[in-house]
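Q: Please find one structure pasted underneath; my questions will follow.
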Amino acid sequence: MISLTINGQTVEAPENYTVLQAAEKLGITIPTLCYHKNLSPFGGCRLCVVEVQGARLPMTSCVLPVSPGLVVQTESPAVIQYRRAILRILLTNYYDAGYKRTNGKFDLDEDNELMHWARVYEVDSRKFMAKKPRFPIDSDPNPFVWVDMNKCIQCTRCVRACAEVQGRFVWSQSYRGYKARIVAGADTTMLQARCESCGACVAYCPTGALDNKMSVGAGRADRLIRTTCTYCGVGCQLVLNVKDDVPGGRVIRVTSNTDESVASVNGLHLCVKGRYGYEFIHSSQRVTRPRVREYLLDGTPRPKERGRWVEVDWDTALNAAAQGLLRARNQHGGQAIGVLASGKNTNEENYLLNKLARQALGTNHIDCCSHIYHAPLTEGLNEALGIPAMSNSFDDIASRANSLLVIGSNLTEQHPVFGAHIRQAVLRRKIKMIVANPDFTNIAEYAALPLYHRPNTETALINGLMHIILERGWEDQTCIAKHPNGFAEFRAVVAKYTPQKVAKITGLSVEDLYQVAEILATNRPTAVLWSVGLADPSTGRGNVQSLANLQLLLGNLDVPGGGVNPLGGQNNIQGACDMGCLPELLPGYRRVADEAARAQFERAWGTTIPAETGLPAAQMLSAAGQGRIKALYLYGEDILNTSTLGAQLRRDLQACEFVVLQEILPSEATRYADVLLPGVGFAEKSGTYTSAERRIQMIHQAIEPIGEARPDWRIIADVARRILTGEGRSIRETDYSAWDYETPEQIFHEIAALTPIYAGVSYERLERGERLQWPVDTAEHPGTPLLHCGYFSEGQARWTPVEQKPLDIESSKPQELTLV
Amino acid sequence: MSLEVSENQLDAIIRAAIEKHGDQRDALIPILGEINQALGYIPGEALGKIRRCINTPEEGLFLADSHLYSIASFYHMYSLKPVGRHIVRYCESAPCHVVGGRQVIQRLHDFLGLAPGETSADGRWTLFQTSCLGICSVGPVIVVDDDIYGHVTPQRVSFILAKYR
Ligand code: SF4
Ligand code: SF4
Ligand code: FES
Ligand code: FES
């Protein structure tokens, strides 16, 4: 600790502090422009000057290290004079064409940091500002980032943000003297300079030289609502900027969350999807009124193509939905109905869908896209290690792993903000990364060794690596001794996978295999990351079990910076599985087949739950095609466009007798639906999502539902209530049998009461900004950033010998599919 | 010095430069220097080629076009545009300026009809300004290709330039 005096107050600061940071400790603000606490120091703008006793000239506090006995004045008359001069100089190179809508009309931008300090130091910006532009306004064709270098003050925050946050190095400060300017790449467009449009440079620019193109002239927000991004399992926090100039409000831009009391995975960082992908909220395509098919209103038999849509009021639509489902149940039993949830729904909604299926309808046929591409990733893991999720956390991996194996994941596109963290880990900590993927992925640029193996040969590849590890004696004996279950069988299988044989199967070289094994063995802990690239239906489970074996063998489980880490495709696929939107699992990963687990929910819900496991999504739909399933309730999954089985699914849906679809935008499935219930987007409702690292986070309603659309939890409850009061349906009244929720929070209470891993989570804790990763056992439990293997299997892991499947050429043929 | 460079020629120059100076970041300035020396300027494609040769992210070194451009544009001794057969540089720093440099510069501009950074239509001349060359004692100073001229007067300008075809 170093003691110094600032404005007459003594402060103790750590040795690596700057005077600026020491002042902050005292609550003294020193004006800054080029400085940003998340970025490396630059010391270029000189606005942060302070007077230091004994020094001839004012000194820049953002780069001045603290030293013992330093006596500093931050607002002396001399300093103020100096700052004014600096602001005037900055302004002479600053030209504002007046396209910002500051007070409702187009005028000068008053909201940026430069203008703020000019106001504070009483420098007349209009007087000193440049009178004409030096550069074209809006000079870059990037669709999201607005570039107006006339407002640039050369602080280089964008240069540092792009390098140190996103890891793309698009910007540089080029030329010098009066000609100095910020340039993209080799003076090209941003996109040519490899920009990924993440908007980090925009978020850090203090003058609006870089701005959000979609909303440059949109004006000031009336309200700022923090929420969780809805795109991927990283679960970034972001802020919806809402303007109340239309009834219910509208989202005019998305900005970074600056509230540091809220634990977040992303800081100010976002990716292009989270920051700029919000236009769907106000899409003109939105379904805003409930619809039913005409035949349902007329009471006539269903025509083959289902006939005409009629817009109706909510009551009519909800009754039609409930009656159709009830009829199927009364005629054919609950197991004649299927429910399809989604990894895009909130936990509250997915829990209700689960309750709708198992309680109100009495069926275990409930699934989400999980069984199309996620379940193989987590099921194999649960079987092998007793954990169905990422064992470690994003920040733990980025800051503590010494090597990484990224396999079957296009990391920087699927989970961009985490991908950017990994880039920084490679650049700054120089950790070794192996990227294995049949095709080039962007993250492979940073790989110590990229591996391009043949598709679907991952099992052989991993077996081959383990063969080498055993051959070289690199295995972790302690871990093997701790988990002996199945090791001998495992060893026998791996023994067959000689490097030569594996090289032949995978198309990789023997040398590369040895090198990879050595990198992993000598740079522990290794974190293994994978995503849907491994989820081929025939090999997915085996791939994941092999990776579990690898981590057991290297002793990388239960340690910081290691672990097994499946990265699901959708933002809340983890939550969907947690909530029991799976045919064989109840909320909290308890098996339908387990009588005690069933009994608990039967007591809670006042009904009996069928003992027989339900059908996974694809089979559910084909059962509908074959007439065994008579009715379907679909919410949140664009099933026809996200599965490789599209053509078959179309026929199945077409054949299904009765289909209820809850949606915000018309999808292809609309054609096959009988009742359409308009739900809302993530900006119009509240609830929680659970990110891939098991972190439960809030979404907050920012605007009113559009048109007559209703929050989805309300719709599900409305349908369920109508079913339960319908003919032939009665349940016992118990603690959680009712559907009288008035808020999502009430639903969450029920989740917490019935799901031990969520037991200690509450909206109250989440609103306080707590970082809660399940299992959270009690209201005092701090959550579990590192999940130990064996959580769901009495502490035991199991070695699962996995053989490489003969390559099924049919299933690896290219298929038509749309990515969403 | 020529305006056109073939892909192969450029590759060869870069390869030789990297062999000579090494493939670390601190070799960038001499590598760019070699290219500028050989071609009279640094073609845009060269930046991408150098980047690909030097990049080793797993060593914590990630080089983008922006890094190279920033260096190449910073130093007056590099040009990012193709140049004429002969390069004329004049010193713009104060010591030369005050001993008659201003008049020499004016004369150069008039005689060549070029502003700094421009190349004549016939491809004969490119004019650059540069900062102090460290030989202020003989100022005003101009440099044509690799030849240095001191004590230049406006009158001498046309005689000096006549030597270059
Ligand atoms: S948008 Fe992102 S990738 Fe593009 S220049 Fe800015 S920081 Fe770099
Ligand atoms: S564009 Fe913005 S962030 Fe970048 S140097 Fe200019 S003022 Fe700073
Ligand atoms: S903030 Fe310290 S020099 Fe810019
Ligand atoms: S000022 Fe011209 S050479 Fe030094």
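Q: Filtering the stretch A:138-155 down to residues that are of a type in the set (S, T, N, Q) and open to solvent by 10 Å² or more (accessible area, probe 1.4 Å), which residue is farthest from ligand 3 (Cβ to nearest atom)?
A: Of everything passing the filter in the stretch A:138-155, A:139 is farthest from ligand 3 (Cβ to nearest atom).
Q: Okay, moving on. How many residues are closer than 14 Å to residue A:159 by Cα and within 16 Å of ligand 4 (Cβ to nearest atom) when one looks only at the stretch A:169-207?
A: 0
Q: Can you tell me which of A:486, A:386, A:408 is more than 14 Å from chain B (Cβ to nearest Cβ), open to solvent by 10 Å² or more (accessible area, probe 1.4 Å), of a type outside the set (A, V, I, L, M, F, W, C) and at positive phi?
A: A:486
Q: I would also like to ask the following. How many of the residues making up the stretch A:19-42 are out of contact with any Phe, Trp or Tyr (no Cβ under 8 Å at 6 or more places or on another chain) and under 19 Å from residue A:87 (Cβ atoms)?
A: 3
Q: Let me ask something else. Just one of A:56, A:84 is at pLDDT 95 or above and away from ligand 1 (no atom under 16 Å from the Cβ); which is it?
A: Residue meeting the stated conditions: A:84.
Q: With respect to residue B:72, determine if the residue is open to solvent by 40 Å² or more (accessible area, probe 1.4 Å), under 26 Å from residue B:33 (Cα atoms) and either away from every other protein chain (no Cβ under 14 Å) or more than 16 Å from ligand 4 (Cβ to nearest atom) (or both).
A: no
Q: Looking at the stretch A:163-210 only, could you name the residues that are polar (S, T, N, Q), surrounded by 20 or more Cβ atoms within 10 Å (Cβ to Cβ) and more than 7 Å from ligand 1 (Cβ to nearest atom)?
A: A:172, A:173, A:174, A:207
Q: Looking at the stretch A:208-233 only, could you name the residues that are over 20 Å from the mean Cα position of the chain (by Cα) and either farther than 18 Å from residue A:137 by Cα or not hydrophobic (A, V, I, L, M, F, W, C) (or both)?
A: A:208, A:211, A:212, A:213, A:215, A:217, A:219, A:220, A:221, A:222, A:223, A:224
Q: Can you pull out every residue in the stretch A:168-193 that is part of a loop (DSSP other than H, G, I, E, B) and more than 7 Å from chain B (Cβ to nearest Cβ)?
A: Passing the criteria: A:168, A:180, A:188, A:189, A:190, A:191, A:192.
Q: While we're here: Would you confirm whether or not the stretch A:528-542 contains a residue that is out of contact with any helix residue (DSSP H, G or I) (no Cβ under 9 Å at 6 or more places or on another chain) and not in a helix (DSSP H, G or I)?
A: No, there is no match, as no residue in the stretch A:528-542 is out of contact with any helix residue (DSSP H, G or I) (no Cβ under 9 Å at 6 or more places or on another chain) and not in a helix (DSSP H, G or I).
Q: Hey, another quick one. Within the stretch A:699-717, work out how many residues are touching a Lys or Arg at 6+ places or on another chain (Cβ under 8 Å) and either closer than 19 Å to residue A:288 by Cβ or open to solvent by 10 Å² or more (accessible area, probe 1.4 Å) (or both).
A: Looking only at that region, the number is 12.
Q: Suppose we filter A:63, A:50 for residues that are in contact with a strand residue (DSSP E or B) (Cβ under 6 Å, 6 or more places away or on another chain) and more than 16 Å from ligand 2 (Cβ to nearest atom); which single one remains?
A: The unique qualifying residue is A:50.
Q: Counting only residues that are part of a loop (DSSP other than H, G, I, E, B), touching a strand residue (DSSP E or B) at 6+ places or on another chain (Cβ under 9 Å) and hydroxyl-bearing (Ser, Thr, Tyr), which one in the stretch B:67-126 is nearest to ligand 3 (Cβ to nearest atom)?
A: B:93
Q: Considering only the stretch B:42-58, I want to know if a residue exists there that is away from chain A (no Cβ under 14 Å), open to solvent by 20 Å² or more (accessible area, probe 1.4 Å) and over 21 Å from residue B:118 (Cα atoms).
A: Taking every residue of the stretch B:42-58 in turn, at least one turns out to be away from chain A (no Cβ under 14 Å), open to solvent by 20 Å² or more (accessible area, probe 1.4 Å) and over 21 Å from residue B:118 (Cα atoms).
Q: I would also like to ask the following. I'd like the residue in the stretch A:121-167 that is in a helix (DSSP H, G or I) and away from chain B (no Cβ under 14 Å) and, out of all such residues, is farthest from residue A:94 (Cα to Cα).
A: A:157
Q: Mind checking which residues of the stretch B:110-165 are under 21 Å from residue B:37 (Cα atoms), within 14 Å of chain A (Cβ to nearest Cβ) and away from ligand 4 (no atom under 16 Å from the Cβ)?
A: Listed by number, the list holds a single entry, B:117.
Q: When you look at residue A:102, is it open to solvent by less than 20 Å² (accessible area, probe 1.4 Å), more than 16 Å from ligand 4 (Cβ to nearest atom), of a type in the set (Ser, Thr, Tyr) and within 14 Å of chain B (Cβ to nearest Cβ), yes or no?
A: Against the criterion (open to solvent by less than 20 Å² (accessible area, probe 1.4 Å), more than 16 Å from ligand 4 (Cβ to nearest atom), of a type in the set (Ser, Thr, Tyr) and within 14 Å of chain B (Cβ to nearest Cβ)), residue A:102 does not qualify.
The values are calculated or read from the model by the stated rules, or taken from the named source; none is laboratory data. None of these values were measured; they are calculated from a predicted model. Cβ sites come from the backbone with ideal geometry, for glycine too, and all protein chains shown count toward neighbours. Quick note on the areas: whole protein, heavy atoms, side chains included, nothing else; ligands and nucleic acids left out. Shrake-Rupley method; radii C 1.70, N 1.55, O 1.52, S 1.80 Å.
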